[in-house]
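Novice: For reference, the structure I am asking about is given below.
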Amino acid sequence: MFVFHHINAYEKDNHLVIDLIGYDNINIIKELYMDDLQAGITPKSVAKPWRYVLPLTIEQKDDPEENLVTLDNTSASAVCVEGQIHCRHELLHQDGEPDSQTSELPTINYARNGKEYRYVYHIGNNFNSIMKTDVEKKTFKKWEEDDAYPSEAVFVAKPGATKEDEGVVLSSVMTVGEEKPSFLLILDGETFEEIARAEIPITVHVSIGIHGLFKRE
């Protein structure tokens, strides 16, 4: 397993819950070498949102395959083998996203950092869509548009919000094509539908973004 980006982590009922964007191995490092990219070799490694759950109190079991995780609503597991804990992850969305499509650059409502949370926003579909994953229901919503490549999504809470996803999601979107302007995308945090976009003149060249930041002042 290899990881670039963590999503969140928190304690619940004597378990440590760790969510991340995981790769099966470290091949992605070699695939991102400049020699390979300049040769036109497309990275093939796939990353997905995973959850690991680590029990914080361990009791030796007679059956080494007995699951030590007792949290509800998770298929993540952990077993004790010769005094060592081996964790097995679960996929945080279960419906419809092809195995060949990768996810990356996760963000959350940062007020939930280090706390139990429900929603994660991340790039999907090989970097040409934005996804909102519900880690409780294991479902997702998606925004995508032809020839459009969004940056890391940034959640901005509505002043006085009472719900975790009450606000907007911002992303700087680079487009491909001489007649299609790049733009700042604004999505409704709850419905994930487009509210507005602020287009940049096509005479201004915008490079693809990675990480994002929002400041109120």
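Novice: Does at least one position in region 146-153 carry a residue that is polar (S, T, N, Q), more than 12 Å from the chain's Cα centre (by Cα) and modelled with pLDDT under 95?
Specialist: Kept after step one, since they are polar (S, T, N, Q), are these residues of region 146-153: 151.
Those still in the list that are more than 12 Å from the chain's Cα centre (by Cα) too: 151.
Narrowing the set further to residues that are modelled with pLDDT under 95 leaves 151.
For region 146-153, residues polar (S, T, N, Q), more than 12 Å from the chain's Cα centre (by Cα) and modelled with pLDDT under 95: present.
Novice: Are there any pairs, at least 6 apart or on different chains, whose C-beta atoms fall under 6 Å, with the first in region 33-47 and closer than 13 Å to residue 127 by Cα and open to solvent by less than 100 Å² (accessible area, probe 1.4 Å) and the second assigned to a loop (DSSP other than H, G, I, E, B) and not aromatic (Phe, Trp, Tyr), and if so, which?
Specialist: 46/102; 47/102; 47/103
Quick grid of which residues meet (1) open to solvent by less than 40 Å² (accessible area, probe 1.4 Å); (2) over 28 Å from residue 74 (Cα atoms):
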position	(1), (2)
129	yes, no
132	yes, no
137	no, no
142	no, no
152	yes, no
167	yes, no
181	yes, yes
195	no, yes
208	no, yes
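Novice: Filter region 48-69 for residues that are of a type outside the set (D, E, K, R) and farther than 28 Å from residue 122 by Cα; which is most open to solvent (accessible area, probe 1.4 Å)?
Specialist: Checking each candidate, the answer is 60.
Novice: What's the total number of residues in region 104-116 that are closer than 20 Å to residue 168 by Cβ and either part of a strand (DSSP E or B) or of a type outside the set (Gly, Ala, Ser) (or both)?
Specialist: The number of residues fulfilling the criteria is 8.
Novice: Checking the conditions here, which among 47, 76 is at pLDDT below 95 and touching an Asp or Glu at 6+ places or on another chain (Cβ under 6 Å)?
Specialist: Of the residues listed, the single one that is at pLDDT below 95 and touching an Asp or Glu at 6+ places or on another chain (Cβ under 6 Å) is 47.
Novice: Does region 94-102 contain any residue that is closer than 30 Å to residue 193 by Cα, open to solvent by 50 Å² or more (accessible area, probe 1.4 Å), modelled with pLDDT under 95 and in contact with a strand residue (DSSP E or B) (Cβ under 7 Å, 6 or more places away or on another chain)?
Specialist: yes
Novice: Can residue 107 be described as under 22 Å from residue 75 (Cα atoms) and either within 12 Å of the chain's Cα centre (by Cα) or of a type in the set (S, T, N, Q) (or both)? Before you say what the answer is, go through the steps one by one.
Specialist: Numbers: under 22 Å from residue 75 (Cα atoms): no; either within 12 Å of the chain's Cα centre (by Cα) or of a type in the set (S, T, N, Q) (or both): yes.
When the stated conditions are applied, residue 107 does not pass them.
Novice: Looking only at region 169-178, which residues are open to solvent by less than 40 Å² (accessible area, probe 1.4 Å) and over 23 Å from the mean Cα position of the chain (by Cα)?
Specialist: none
Novice: Wholly within region 117-217, which strands (runs of 3 or more DSSP E) include no fewer than the required count, namely at least 3 residues that are in contact with a helix residue (DSSP H, G or I) (Cβ under 8 Å, 6 or more places away or on another chain) and among the aromatic types (Phe, Trp, Tyr)?
Specialist: Where strands (runs of 3 or more DSSP E) fall fully within region 117-217, none carries at least 3 residues being in contact with a helix residue (DSSP H, G or I) (Cβ under 8 Å, 6 or more places away or on another chain) and among the aromatic types (Phe, Trp, Tyr).
Novice: Something else: Looking only at region 103-117, which residues are open to solvent by less than 70 Å² (accessible area, probe 1.4 Å) and basic (Lys, Arg)?
Specialist: none
The values are calculated or read from the model by the stated rules, or taken from the named source; none is laboratory data. Only a predicted model underlies this, so the values are computations on that prediction, with no experimental measurement involved. FYI the Cβ positions are ideal-geometry reconstructions off the backbone, even for glycines, and counts take in every protein chain you see. The accessibility values were calculated without ligands, DNA or RNA, using every heavy atom of the protein model including side chains. Shrake-Rupley method; radii C 1.70, N 1.55, O 1.52, S 1.80 Å.
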